[in-house]
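What follows is calculated from the coordinates using simple rules that are stated; it is not laboratory data. Bear in mind the structure is a predicted one, so any value in this text is a computation, not a measurement. Note that we place each Cβ from the backbone using ideal geometry, even for glycine, and neighbour counts take in every protein chain shown.
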Amino acid sequence: MDKLALDGGDKVRPEPFPKRHLFGAQERDAVLALFERAIQTGDAIGYNGPEEQAYEAEFAAYMGGGYADMVNSGSSALYVALGALCLQPAGEVVVPPITDPGGVMPVALLNLVPVVADSLPDTFNAGPEQIEAVLTPHTRAIVVAHIAGEPADMDPVLELARSRDIPVVEDCAQAHGARYRGRLVGTLGSIAATSTMSGKHHATGPQGGVVYTQDEALYWEAKRFADRGKPFNLEIASNVRAGLNLNGNDLAAAIGRIQLSRLPAMVARRREIAGSIKAGMSGLQAVGPGRELDGVESVYWFMRFKVDASLLTVDKAGFTRALAAEGIPVNPSYRHIPAEAAWFRERRVFPGSDYPWGLPDYQGNRDAVYACPNAVEAAESHFCISIHENFTDAEVDSILEALRKVEAAYLR
């Protein structure tokens, strides 16, 4: 048996994994062309201009039709998507068990109470039974996130929502191009939010986001709310509702247009890499790929791996330490559970109050605690490895060799 690097042996992977190189010459040239036009014409680079409108049209076309509004971040996209629904304050919105803080905070900032649904066992996504368990007469909307680029089980969630006339917001921040039973995520609910920051599958620059819907009326509500209530598509002279300036811009859109054209190839390559890794793990006993639903096509913002520590002489933390020592870029834990966050537990939203929980009109359970045992178990039993479309067979081989080596060293 090869000696583990952790114990002084040779690393499986002595050289660093390759950088992603997300932005290249095409994006640079698009930005320079935009600056050149600004220099030649004397017109400043703005927003809601031709580049932004083109990106929005191309994004909607990628989704199979509908309407898109570019905004300045993924968190803003969710805030705008919820704002477009015009939900009555002092109600509840079901939120994911595992997600970025920006996937929950917009709910509270709209004076709605976030209610955390647990995950489907062995996954990071909320399950339909877990969502149903937290629905109440006060539920105004359901936010479903597709974490790691793995689609949640949408059909039963949508049926549940339809039966109670509750809108569904899809958070597609980590799931550009993912499909559920042949349909693109983001096209399934009432409205969708996507992050296009530089860590995602395709980007519009350092930060960005898109609100997407197939409902024209919702689109106009979103567009107004994202731009201080401007009366878009209305014959009114003044702003029609309070809102923030959450606009995208032409500079970001110029980058995004190039990125969007590259997205299908990025997604296809990530699926190929993930497929090779999963196929190569077939002989392992204590470690396996994370559970994915039947009928989904994931896009692998990262890959999940489950550890059965009962078959090993170390726990998951020990296993991942050894894996990292072999040169593999491993994230030991993805325990981003909103119900555990200080801002959520201590209700730090509006200083000097415990709003939205303390709103006089809120009739729900002000003292609810969301333990999320499935999400905790999933976070504690899984680790993650980031992959990207520029991995070669050498990176796949390194990951597989390291997994085999570390498991062999610790298998009971």
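Overview of values
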read-out	value
GNM result for the chain, Cα springs below 10 Å: residue of Gly74, Gly66, Gly149 fluctuating most strongly	Gly66
Principal-axis tilt of helix 74-84 within the chain, Cα atoms, nearest 10 degrees	40 degrees
At most 14 other Cβ within 10 Å, DSSP loop - GluC sites (Glu not before Pro), the range 317-383	Glu346
Calculated [θ] (222 nm, deg cm²/dmol) that DSSP helices of n ≥ 4 give over the chain, each run adding -39,500 (n - 2.57)	-11000 deg cm²/dmol
In degrees, nearest ten, helix 316-325 long axis to first principal axis of the chain (Cα)	80 degrees
Antiparallel %, DSSP beta bridges [both residues in the chain], to 5	65 percent
Mean Cβ count within 10 Å, highest first, over the residues of peptides 225-238, 82-95	82-95, 225-238
Between helix 393-410 and the chain: long-axis angle, C-alpha atoms, 0 to 90°, nearest 10	60 degrees
Per DSSP, loop trypsin sites (Lys or Arg not before Pro) in the range 332-406 with at most 14 further Cβ within 10 Å	Arg335, Arg348, Arg366
Of Ala324, Gly91, Leu411, farthest towards positive along the dipole that unit charges on Lys, Arg, Asp, Glu beta carbons give the chain	Ala324
Residue among Ala379, Ala394, Ala57 farthest towards the positive dipole end of the chain, charges placed on Cβ	Ala394
